[in-house]
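> Below: one structure in structure tokens.
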Amino acid sequence: MNTSTFKRDAKTVKPLLRFKFDGDGVRDGRMLFDDLSVFISNVTLAMERIINTMQTGESVKQGRPAKAVRVLSGLEIVYVRKGSFRLGMDLRTNGHLFPTWDLGEEAIDKLMLGFQAIQQDRELPPECDYGVLTSLRDAGRIMERGISMVSINSDSSFGRRK
């Protein structure tokens, strides 16, 4: 894969992550901010933990995550759409340490591989350890509040994943 030719540009590339929320908790294209916040903050925490695993071999560390990890895993909202509540997110690209390749994009790919493994009852990638699974379990708590399904798609230099 030639990463030097892959350019993250909002005008030419779809958001890295696209979420679609369905269920009784979604009414008229709206959902509770608290539910969205819980879900996205735990997905971001899972990404931080995957990056920690890629760098140090363990996902959970005491204290705040390193600034570099927070920068690499920082997600920005690109769009919000109605119907079923839909949200597009991308990595913050302004000031990245590695402009043509970064651990944030790789972490998203590992996260998506983890979601696929859980869905298909397969072995998880090594980066998806107990700390990552705990974050994903906490993200899934929105299922208790009327969200019956979350569809997640990614489109990155590592490929497309659902």
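The values are calculated or read from the model by the stated rules, or taken from the named source; none is laboratory data. Treat the numbers as computed from the prediction; the structure is a model and nothing was measured. In this analysis, Cβ positions are derived from the backbone assuming ideal geometry, glycine residues included, and neighbour counts consider all displayed protein chains. Please note that ligands, DNA and RNA were not included when accessible areas were found on the heavy atoms of the full protein model with its side chains. Shrake-Rupley method; radii C 1.70, N 1.55, O 1.52, S 1.80 Å.
> Cβ under 14 Å from G159's Cβ, G159 left aside: what net charge do those residues give with Lys, Arg +1 and Asp, Glu -1?
+1
> Also: May I ask you to derive the FRET efficiency for S41 and D121 from their Cβ-Cβ distance with R0 = 22 Å, giving the value to the nearest 0.05?
The calculated FRET efficiency here is 0.25.
> Leaving ligands, DNA and RNA out of it, work out the accessible area of E76 with a 1.4 Å probe and give it in Å² to the nearest 10.
We get 70 Å² for E76.
> Could you put Y130, Y79 in order of accessible surface area, largest first, with the 1.4 Å probe and the full protein assembly present?
Final ranking, largest accessible area leading: Y130, Y79.
> Given the whole protein assembly as supplied and a 1.4 Å probe, what does the accessible area of T56 come to in Å², nearest 10?
Answer for T56: close to 70 Å² accessible.
> List every residue whose amide H lies under 5 Å from the amide H of G25, counting only residues 5 or more places away in sequence or on a different chain, with H placed 1.01 Å from N in the peptide plane.
Sorted by chain and number, the residues that satisfy this are I147, S148.
> Moving on to the next point. What nm distance separates the two modelled labels at S151 and D24, each placed 7 Å from Cα along Cα→Cβ?
2.2 nm
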